[in-house]
Amino acid sequence: MTVAQRVRQAERLAQVRPALVEAYQVALRRWMGDPVLMAQGLPFVTEGYRGAGRQDELYTHGRSAPGPIVTYKRGGESKHNSLPSRALDVAFMLADGEVSWSPTLLGKFARLMKAADARVRWGGDFPGDFKDRPHFEV
Ligand SMILES: [Zn+2]
């Protein structure tokens, strides 16, 4: 990860609830300590806090805007919309520089997050058909 990317990670985490940041950092350390996991990709935070305007824009995806539905929450309703944020989203940086939202990798990281803090809820465990696998909240 470049210095600029590390700075962005720190800025995103600075806007997230300390309990969730702590769980993420414990999970990340465990991931980075496992060469088999590290060979598959490096977790990073794509988003922590987001304002109501950005939430409303995301809500249009799969409705008035093209693409799949990415959220059922309007501006102000998401745990991402409080400051500090009660949620963060994770993706993986692959060795070739691509970004991955692999359900397998997210499931493996979710196990580490839940082991780090039992209060963490994973979007992949949400009831119903909509699984938000990149999403973690407290
Ligand atoms: Zn999320």
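The values are calculated or read from the model by the stated rules, or taken from the named source; none is laboratory data. Treat the numbers as computed from the prediction; the structure is a model and nothing was measured. Note that each Cβ is placed from the backbone with ideal geometry, even for glycine, and that neighbours are counted across all protein chains shown. Side chains are part of the model used for accessible areas, which takes the heavy atoms of the whole protein and leaves out ligands, DNA and RNA. Shrake-Rupley method; radii C 1.70, N 1.55, O 1.52, S 1.80 Å.
Tell me, yes or no, whether segment 19-41 has at least one residue that is outside any helix (DSSP H, G or I), open to solvent by less than 50 Å² (accessible area, probe 1.4 Å) and farther than 16 Å from His135 by Cα. Give the derivation first.
Here is the first cut: in segment 19-41, the residues outside any helix (DSSP H, G or I) are 33-34, 39-41.
Filter once more, so that each one left must be open to solvent by less than 50 Å² (accessible area, probe 1.4 Å): 41.
From what is left, the residues that are farther than 16 Å from His135 by Cα are 41.
Within segment 19-41, one or more residues are outside any helix (DSSP H, G or I), open to solvent by less than 50 Å² (accessible area, probe 1.4 Å) and farther than 16 Å from His135 by Cα.
Would you confirm whether any residue within segment 94-105 is open to solvent by less than 70 Å² (accessible area, probe 1.4 Å), of a type in the set (A, V, I, L, M) and within 13 Å of the ligand (Cβ to nearest atom)? Please lay out each step first, then the result.
From segment 94-105, those open to solvent by less than 70 Å² (accessible area, probe 1.4 Å) are 94, 97, 99-100, 102, 105; that's our starting set.
Going one step further and asking which of them are of a type in the set (A, V, I, L, M), we end up with 94, 99, 105.
Restricting the remaining residues to those that are within 13 Å of the ligand (Cβ to nearest atom) gives none.
No, because not a single residue in segment 94-105 is open to solvent by less than 70 Å² (accessible area, probe 1.4 Å), of a type in the set (A, V, I, L, M) and within 13 Å of the ligand (Cβ to nearest atom).
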Only one of these is within 23 Å of Arg30 (Cβ to Cβ), modelled with pLDDT under 95 and assigned to a loop (DSSP other than H, G, I, E, B): Ala95, Ala118. Name it. Ala95
I want to confirm something. Restricting to segment 106-124 and keeping residues that are without any contact (Cβ under 8 Å) to a residue 24 or more places away in the chain and within 19 Å of Ser85 (Cβ to Cβ), which single residue is farthest from the ligand (Cβ to nearest atom)? Lys114
Counting only residues that are open to solvent by less than 20 Å² (accessible area, probe 1.4 Å) and in a loop (DSSP other than H, G, I, E, B), segment 72-91 contains a total of 1
Of residues in segment 42-66 being among the polar types (S, T, N, Q) and in a helix (DSSP H, G or I), the one farthest from the ligand (Cβ to nearest atom): Thr60
Of (1) in contact (Cβ under 8 Å) with a residue 60 or more places away in the chain; (2) within 13 Å of the ligand (Cβ to nearest atom); (3) more than 22 Å from Ala14 (Cβ to Cβ), Glu77 satisfies every one except (1)
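From the set of residues in segment 42-71 that are among the hydrophobic types (A, V, I, L, M, F, W, C) and over 24 Å from Glu11 (Cβ atoms), which is least open to solvent (accessible area, probe 1.4 Å)? Even if it seems obvious, please write down each step before you answer.
Here is the first cut: in segment 42-71, the residues among the hydrophobic types (A, V, I, L, M, F, W, C) are 42, 44-45, 52, 58, 65, 69-70.
From what's left, over 24 Å from Glu11 (Cβ atoms): 65, 69.
Working: Ala65: 28, Ile69: 62 Å².
Ranking the candidates gives Ala65 first.
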